[in-house]
Structure formats: C-alpha cells, structure tokens
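So the structure is just underneath, and the comments pick up after that.
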Amino acid sequence: MIRIYLAGPDVFLPDAEEQGERKKALCQKYGYEGVFPLDSDLDPDAYPDPRRFGMAIYHGNLRLISSCKLVIANLTPFRGPSADVGTVFEMALALGRGMRIMGYSNDPRPFAERSREFVTKCGLKNQTTFEDFGLRDNLMIDGALDTAGWPMVVPKAPVQDLGRDLTAFEECLRIVRPL
C-alpha cells in the first residue's frame, strides 16, 4: 500500500491525534496508508531537555517522510497569512528528494489579500510591499506545487472550521488517484 505523509499544522490542534486518525481513515478509503507526523510515538518524558525532544521530533518526521511516496501538505494559513513554516520545509524536502507533493488550503483567499489584512492588523500598513501574482501563497510554495504538477486545492467558498475541515484534503486524495 502506498504511504502518504500528512504534513501540516494539524499537530498543534488540541485534538491532533483525532484529526490525524480522520485523515488516515480518508487515506484508507482511497486505498492509501496515511502517515501522520505524530506517528513517531515519541515519549516526551524520555527527553528531559526540551531541545533534545525537539530534535527527536525533527529526526522522527524525516524518517516518516522518507518512508512515504507522496506528501500532502495542509497549507492553510497558520499563525499568520501564510502556511506553517515546518510544513513548507517538509514539502520542499520531499520535492528535493524527488517525491511527489500536493497541497491544499482551507482559506480560498489569495495570498496578497491575506497578507494585506495581516499587516494592517499588526499596525504595519505601508511598511512593506506585497507580491501580488494572484497566487494562493508565497510564490515559492505555489511554484513547488506547480513543479509537482498539481495546483493548490482550495474550497470554492470559505469553510466553517479552517483547522479541521477535510473537504480540500479529500479532494487531494481524489486528484492523486492513481498514484
């Protein structure tokens, strides 16, 4: 069975394990094995030093990515107007290793619109310029997905729960068939 690494900030949700199980169940529905970043099963108590625990997570996730054929990245804006930086790193690493990548966002608004809104809220209006290429996120993210052959999947209309809605994720699973 083909394994898919499920990159994204879902690991920071209070119900992260349940969200991972929902995503893995959808993968199974389409004939794939979903691999969630928390599948490393690391015991935080085994690492009294937080930095060492962080590095264990990093190395564990690299092993999980290496065990997969495809990465589907949740690129929904996280802690700002753009995708989670760790997710983008995992996606770029996979692309650099010759793996297939896909991405989705639960926020259908263009990157420039989200960026303008964010800097206005932060009181930084007129202190920065914006790339306005009509892309879903930073041009390097959209470019990576374009290189991989798939555009970013986004909903046609705003969703109720940006962090948990799996409609765009499931669309990725439909598009990728057959792998």
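The values are calculated or read from the model by the stated rules, or taken from the named source; none is laboratory data. These figures come from a predicted structure and were not determined experimentally. So basically every Cβ, Gly included, is an ideal-geometry build from the backbone, and we count neighbours across all protein chains shown.
May I ask you to list pairs of residues, at least six apart or on different chains, whose Cβ atoms are under 7 Å apart, with the first in segment 84-105 being under 15 Å from Pro37 (Cα atoms) and outside any helix (DSSP H, G or I) and the second being of a type in the set (A, V, I, L, M) and modelled with pLDDT of 95 or more?
So the pair list comes out empty.
Go through the residues of segment 144-155 one by one and say whether even a single one is over 21 Å from Arg79 (Cα atoms), buried (at least 16 other Cβ atoms within 10 Å of the Cβ) and in contact with a Cys (Cβ under 7 Å, 6 or more places away or on another chain).
Going residue by residue through segment 144-155, those that are over 21 Å from Arg79 (Cα atoms) are 144-151.
Remaining after also requiring buried (at least 16 other Cβ atoms within 10 Å of the Cβ): 144-145, 148, 150.
Adding the requirement that they be in contact with a Cys (Cβ under 7 Å, 6 or more places away or on another chain) leaves none.
Among the residues of segment 144-155, not one is over 21 Å from Arg79 (Cα atoms), buried (at least 16 other Cβ atoms within 10 Å of the Cβ) and in contact with a Cys (Cβ under 7 Å, 6 or more places away or on another chain), which makes the answer no.
Cβ-Cβ below 8 Å, separation at least six or inter-chain, first residue in segment 37-64 and on the phi > 0 side of the Ramachandran plot, second loosely packed, with under 12 Cβ neighbours inside 10 Å: which pairs?
Pairs that qualify, where the first residue is on the phi > 0 side of the Ramachandran plot and the partner is loosely packed, with under 12 Cβ neighbours inside 10 Å: there are none.
Exactly one condition in (1) over 25 Å from Val159 (Cβ atoms); (2) among the hydroxyl-bearing types (Ser, Thr, Tyr); (3) at pLDDT 95 or above is not met by Ser40; state its number.
Ser40 satisfies all of (1) over 25 Å from Val159 (Cβ atoms); (2) among the hydroxyl-bearing types (Ser, Thr, Tyr); (3) at pLDDT 95 or above except (3).
Which of the residues spanning segment 67-93 are of a type in the set (Gly, Ala, Ser) and under 12 Å from the mean Cα position of the chain (by Cα)? Steps first, please.
Residues of segment 67-93 of a type in the set (Gly, Ala, Ser): 67, 73, 80, 82-83, 86, 92.
Of everything in segment 67-93, those that are of a type in the set (Gly, Ala, Ser) and under 12 Å from the mean Cα position of the chain (by Cα) turn out to be Ala73, Ser82, Ala83, Gly86, Ala92.
Can you say whether Asp137 is closer than 21 Å to Asp10 by Cα, modelled with pLDDT of 95 or more, acidic (Asp, Glu) and outside any helix (DSSP H, G or I), as far as the supplied structure shows?
Against the criterion (closer than 21 Å to Asp10 by Cα, modelled with pLDDT of 95 or more, acidic (Asp, Glu) and outside any helix (DSSP H, G or I)), Asp137 does not qualify.
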